[in-house]
DNA sequence: TTGTGCATTATGTATGACATAATAAAAATA
DNA sequence: TATTTTTATTATGTCATACATAATGCACAA
């Protein structure tokens, strides 16, 4: 079925340029030959000769793989296969000013889902040191009268720590990618006006639950904690 | 501050190639000039002249932007700014055979988080038609004796429908990206052996809750439904 | 053995040329 | 005049070649 859809793509949409085809061929090469990270691929000239295209085309195709993080090329050693840091890469291209508003709003939603869904991982992997650190962060919690930026920083510190506790690096990168988006969406006119800022479950409340509650309790508490955001999304 | 960090980058790590600099300059151009989607950017030759580099370099920089989905270039009209379909793009570079195992496992975890965290969005946006469709999918639920592939297909149909109900296109793309990863992780020796396949809350159970329950109930039920996966991650 | 320097090699950059496709302008026809 | 066809123009896509640059390894000398 994978092959079929591939064929379809090729037959139906033959608007593909030469570089497109070469790119596909190279990716397939990586897949087929089961090359491992660190292995090096043929030189540009060799590829050009073997595929019967100019070096320019090869270079463009390789460049694409490089941008996608599949390879890295050094001056003499040629190109070697790397394990792509996906989110690190797209972080570069996530530009709130360029992404369309619908996508931005959706990414905002994604963050809410993740923070609620991470409960089990927090409970599974948290250490006493983590709890201590959380408590320390919470102890510095600013009251509502405090200046705005400081509040933001505190939010990031607290929630960022939660992401960290999950021990999931990919998730952490995802959060870093979402941070500017979140901030942007929060302040642009994308969401409904915030009618009343109520703090339902506080950060301290969350920590208490982490310390002596259950994942289930945490999910509900976090959902409640994020109510201000949800209420701006829904009616 | 943005300028400072930029300077630092340039001074500390001047391993950046010409293309790197041009790329950064172009991205900055897009940001500064607040160009909207659909606006076209200067021609390659013009850029080459203005920045004092060869067309080769300009082309490579533009190509990077293209791979990142920031621009699209047509034969005559030049390049126009587009709203990048991030996940569509990285889907292409998500290759389970190339990603390292730690990342794969983490992406597996991400999926679990999302499916639990999506509860509120499902309840907020589901329509009677959706419920009807869900019931129809469930009615065809195969029993455990049925052939394996059919079971997989059914899983994808059901959970995919849930993603769809959230109305979040970005999430949907994210799922499509995760699908091959999920399958791969599930079958490779990455996770602990599956001791006993128990179906806790069934698909039908989930539908019942969607129809007459609450987000809170759904989260717990989904967590339970995914227990087989969780148990392979945790002890 | 250690270090310096040179040769080699593969990518990075520059330049010029032509192909191709999309658009606009001009010409031809009804 | 209106409409279609042809032609010209333009900007990207592809090719070819030459040279710059940096990393690697080898040879030679201290």
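The values are calculated or read from the model by the stated rules, or taken from the named source; none is laboratory data. Model, not experiment: these values are computed from the prediction. Methodologically, a virtual Cβ is constructed for each residue, glycine included, from the backbone with ideal geometry; neighbour enumeration extends over all protein chains shown.
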How about the range A:55-79: which of its residues are near DNA strand C (Cβ under 9 Å from one of its atoms) and assigned to a loop (DSSP other than H, G, I, E, B)?
A:75, A:76, A:77
Which listed residue is closer than 21 Å to residue B:173 by Cα and in contact with a helix residue (DSSP H, G or I) (Cβ under 8 Å, 6 or more places away or on another chain), from A:100, A:85
A:85
Being surrounded by fewer than 17 Cβ atoms within 10 Å (Cβ to Cβ) and away from DNA strand D (no atom under 12 Å from the Cβ) is the filter here, so list the residues in the range A:38-58 that pass it.
A:38, A:39, A:42, A:43, A:46, A:50
(1) under 29 Å from residue A:114 (Cβ atoms); (2) facing chain A (nearest Cβ under 9 Å) all hold for residue B:137 apart from (2)
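Only residues that are surrounded by 16 or more Cβ atoms within 10 Å (Cβ to Cβ) and either more than 8 Å from every other protein chain (Cβ to nearest Cβ) or touching a strand residue (DSSP E or B) at 6+ places or on another chain (Cβ under 9 Å) (or both): list them for the range A:97-106, please.
Taking the range A:97-106 first, the residues surrounded by 16 or more Cβ atoms within 10 Å (Cβ to Cβ) are A:98-99, A:103-106.
A:98, A:104, A:105, listed by residue number.
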Going through B:173, B:161 one at a time, which residue ends up being outside any loop (DSSP other than H, G, I, E, B) and either modelled with pLDDT of 90 or more or not assigned by TED's automatic domain parsing to the domain that holds residue B:111 (or both)?
B:161
Within the range B:80-96, considering residues that are away from DNA strand C (no atom under 13 Å from the Cβ) and more than 9 Å from chain A (Cβ to nearest Cβ), the one farthest from residue B:41 (Cα to Cα)
B:96
May I ask you to list the residues in the range A:59-72 that are crowded, with 17+ Cβ neighbours inside 10 Å and more than 9 Å from chain B (Cβ to nearest Cβ)?
A:61, A:62, A:71
On the given criteria, is residue B:72 at pLDDT 85 or above and not assigned by TED's automatic domain parsing to the domain that holds residue B:45?
no
Is it fair to say residue A:26 is within 16 Å of DNA strand D (Cβ to nearest atom), surrounded by fewer than 13 Cβ atoms within 10 Å (Cβ to Cβ) and not assigned by TED's automatic domain parsing to the domain that holds residue A:168?
no
